[in-house]
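Worksheet for the structure shown next.
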Amino acid sequence: EMVVPENHLLNKTINNKNVLITGAGGSIGSELSRQIIKLKPAKLILVEINEYSLYKINQELEEIKKKLNINQQPELIPLLASVNDESKISKIFKIYKPDTLYHAAAYKHVSIVEENICEGIKNNVYGTLVIIKAAISEKVSNFVLVSSDKAVRPTNIMGATKRIAELCLLALAKNSRNVNTKLCTVRFGNVLDSSGSVIPKFKKQILDG
């Protein structure tokens with residue numbers, strides 16, 4: 001059954017706040033964006049490395065704003081950037097001062113990451129470290145790492161990179177004294193129709209007989 005978001009809880013860290021989403025054009029990041037815009041943040045900062053994905057989600061959110069008749073707030077800020085670009089990420093945080101951050105940028109396809117191990121580690125582990133450190137440095141109030149159920153006793157490189165990212169977050173949360181940032185991680189299972197989910201593959205196999 002569908003889990004309905006508890007808006008009274010979400011409002012505390014979203015309503016009238018500056019919210020930043022990494023991987024905003026991806027399947028999970030874009031759905032987070034659709035849910036968050038309805039709670040009227042002050043700014044919704046969309047960080048995405050893929051130009052078309054960023055264009056697509058930005059256009060969709062503009063349409064949602066029209067339907068909800070919210071012209072002023074939130075201000076949509078689409079930014080082309082890689083989570084591995086430490087200098088660019090630091091500037092984004094300094095300029096837009098996010099209060100709440102959802103880190104959904106990651107390579108998710110098991111088979112592709114298996115064939116591109118270095119890039120998988122670079123993006124999923126080092127990219128996460130860059131974002132966490134920037135969040136702590138700029139005193140972001142709330143940081144949420146979107147992890148994967150494949151991080152539980154990982155049997156593949158993708159799952160291992162997500163587990164390492166979790167351990168990095170836990171280590172920084174434990175060792176950083178007087179940190180104002182609440183660091184947490186959430187593991188998603190199979191998000192229906194998401195990139196990396198087996199559901200679209202099963203559907204195609206059924207259609208193909």
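The values are calculated or read from the model by the stated rules, or taken from the named source; none is laboratory data. If you're wondering where the values come from, they're calculated on a predicted model, not measured in any experiment. Here the Cβ is made from the backbone with ideal geometry for all residues, glycine too, and neighbour counts use every protein chain on show. The area values use the complete protein model at the heavy-atom level, side chains included, leaving out ligands, DNA and RNA. Shrake-Rupley method; radii C 1.70, N 1.55, O 1.52, S 1.80 Å.
Here are the numbers for this structure:
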quantity: Rounded D (µm²/s) - the range 89-157, Kirkwood Rh over Cα pairs, Stokes-Einstein at 4 °C, 1.567 mPa s; calculated: 98 µm²/s
quantity: Within the accessible area of the chain (1.4 Å probe), percent carbon and sulfur; calculated: 53 percent
quantity: Two-site label geometry, E62 and I95: point separation in nm, points 7 Å out along Cα→Cβ; calculated: 1.9 nm
quantity: Most fluctuating residue given options G189, G159, G25, as computed from a GNM of the chain linking Cα atoms under 10 Å; calculated: G189
quantity: Ellipsoid semi-axes in whole angstrom, largest first, where each is sqrt(5λ) of the Cα gyration tensor of the range 126-166; calculated: 24, 10, 5
quantity: Cα convex hull volume per residue for the range 27-71 (Å³); calculated: 68 Å³
quantity: Extended-chain gain in nm, criterion 0.36 nm per residue less alpha-carbon gap, N11 and H109; calculated: 32.1 nm
quantity: Where the chain is the region considered: accessible area per residue in Å², 1.4 Å probe; calculated: 58 Å²
quantity: Mean projected area (nm²) of the alpha-carbon convex hull when the range 1-156 is viewed from all directions; calculated: 10.1 nm²
quantity: Probe 1.4 Å, all protein chains present, accessible-area order of M2, M158, largest first; calculated: M2, M158
quantity: Selected from C168, C118, C184 as most flexible by GNM, with the chain as the system and alpha-carbon contacts under 10 Å; calculated: C118
quantity: Kirkwood hydrodynamic radius of the range 58-133, from inverse mean 1/r over distinct Cα pairs, in Å; calculated: 14.7 Å
quantity: Aspartates and glutamates whose Cα lies under 17 Å from that of K139, excluding same-chain neighbours fewer than 8 positions away; calculated: E86, D99
quantity: Computed E for V4/I70 - FRET, C-beta separation, R0 22 angstrom, nearest 0.05; calculated: 0.55
quantity: With at most 10 other Cβ atoms within 10 Å, longest stretch of the chain clear of loop GluC sites (Glu not before Pro) (DSSP); calculated: 7-209
quantity: Helical segments meeting 18 Å axial Cα length and Kyte-Doolittle 0.0 threshold in the chain (DSSP H); calculated: 157-175
quantity: Descending Cα extents along the principal axes, the range 1-76, whole Å; calculated: 33, 33, 21
quantity: Convex hull volume of the range 64-209 per residue (C-alpha atoms, cubic angstrom); calculated: 149 Å³
quantity: Max mean-square fluctuation residue, GNM over the chain, Cα-Cα springs under 10 Å, options N123, N84, N69; calculated: N69
quantity: Surface accessible to a 1.4 Å probe, D149 within the full protein complex, Å²; calculated: 70 Å²
quantity: Solvent-accessible ranking of I121, I112, I136, largest area first, probe 1.4 Å; calculated: I112, I121, I136
